[in-house]
Every structure is written in C-alpha cells, then in structure tokens.
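One structure is given here, and the rest of the page talks about it.
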Amino acid sequence: MSEEINHPQLCQWLNAVAVSRNKQAFTCLFKFFAPKILRIARGKFPVEAQANEVVQETMTNVWRKAHLFNPDKGAATTWVYTVMRNVTFDMLRKVKANKEDNLSEDIWPLAESAVSEADTYQDHLQHDKLLTVINKLPESQQEVVKGFYLMEMSQEQLAAQLNLPLGTIKSRLRLALAKLKVQLGENHD
C-alpha cells in the first residue's frame, strides 16, 4: 500500500464492514491502521503488550462500530483515530487505577497505623464539602475541574477528550476556580 492515503478507499472499506461485515475490507483496514496505531500507542505505554492491546481494542471497536462512521462528518482516518484516542484514555485510566490498587496494598498497613480515625473523618468531610461546591458549578466547568483535579488529566488530555480547544479548557478552569474560591472562602488555597 502506498504512503499516500486513499480516503475514498478507506471510506469504502469502512462502509463494507458496516453494511456486510466484509472481512476482506476489515483486513485491509487493519493492515492500513494497525502499524500507525501501534506506533502512536508505543509512545503512550511503556509495555509492548499494552501498545498491542490498544491496536486490538481499537480495531475491535472499528469492527463493532463501523456503522457509526459518517463520511459526511469527517475522514475515515479522523474517525478511526478518535476511536483509538478513546481506547487509549480508557486504558490509561485502567493502568492508573491498577497502580493505585497495587500501591495501596503495599503501603496499607503503614498508612493505616499513621492515620487516626479523626483525621480520616475530617478529610472525608472536607472532600464532601468540596464535591458539593464543585457540583454547583455549571456542567461544562464541572467536567473540567473533575477531569483536571479528580481524574488528574492534563489540560491537553481534557481538550482532546472533550473535543474542545485548549483555550476553552483553560478558560473554563479559570472561571471555575474563581467561583470555587468565592464559595470556599479565601483561606482554602
């Protein structure tokens, strides 16, 4: 296959998969996209197996969701890379959750002895108060604050996930933080 992208051909293959579950068309899509997805995934995941899993999950989703592709709304490459981006975010969340689980098992006895019950209760109350105040923000600002602070995503990751310009993410975060500062008072930096 040449380096030049044949957009009409990619659209035809996606359509063949969507309409008739054409395995030959899917094989062509796989041969075209798999090396590109693998190269991108290797930059996100240190373990080769995880990068390969991104390829497999992405292409499985392409097979299952091909009927959702609309050539009038964008290029086939854009659609497949969006599917890949979503798979990557899901896997990154899983990896992060697994790291936190493993870490908690290793340090649980140490942490448990160091934290008093009163400290835990106080921290829980502060967390609940903070969530109550965050939930009063407009939904668009809630998404950004929760993504940035609770899910620890970068502003760039949020922009990609929410399909918004980076400047919009920064503006929403700045507005939300100003509102939170007013709600919580000046002494809660």
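Brief remarks follow.
- Full-stretch length increase - Glu152, Lys44 - with 0.36 nm per residue and alpha-carbon distance subtracted: 37.3 nm
- The magnitude of the dipole of segment 1-55, with charges of +1 and -1 set on the Cβ of Lys/Arg and Asp/Glu and taken from the Cα centre, is near 120 debye.
- Potential lengthening between Thr82 and Gln12 on full extension [0.36 nm per residue; Cα-Cα distance subtracted]: 23.4 nm
- Long pairs among Lys31/Lys73; Lys44/Lys179; Lys44/Lys129; Lys44/Lys146; Lys73/Lys129, criterion Cα-Cα beyond 31 Å: Lys44/Lys179; Lys44/Lys129; Lys73/Lys129
- Radius of gyration, Dmax [segment 1-92; alpha carbons; angstrom]: 12.7, 37
- You can think of it this way: the chain between Thr132 and Lys23 has 34.2 nm of extra reach, that is 0.36 nm per residue less the Cα-Cα gap.
Throughout, read-outs are computed from the coordinates displayed, never taken from laboratory work. Here the structure is a predicted model, which is why all the values come from computation and not from measurement. When we count neighbours, we look across all protein chains shown, and the Cβ atoms used for this are built from the backbone with ideal geometry, even at glycine.
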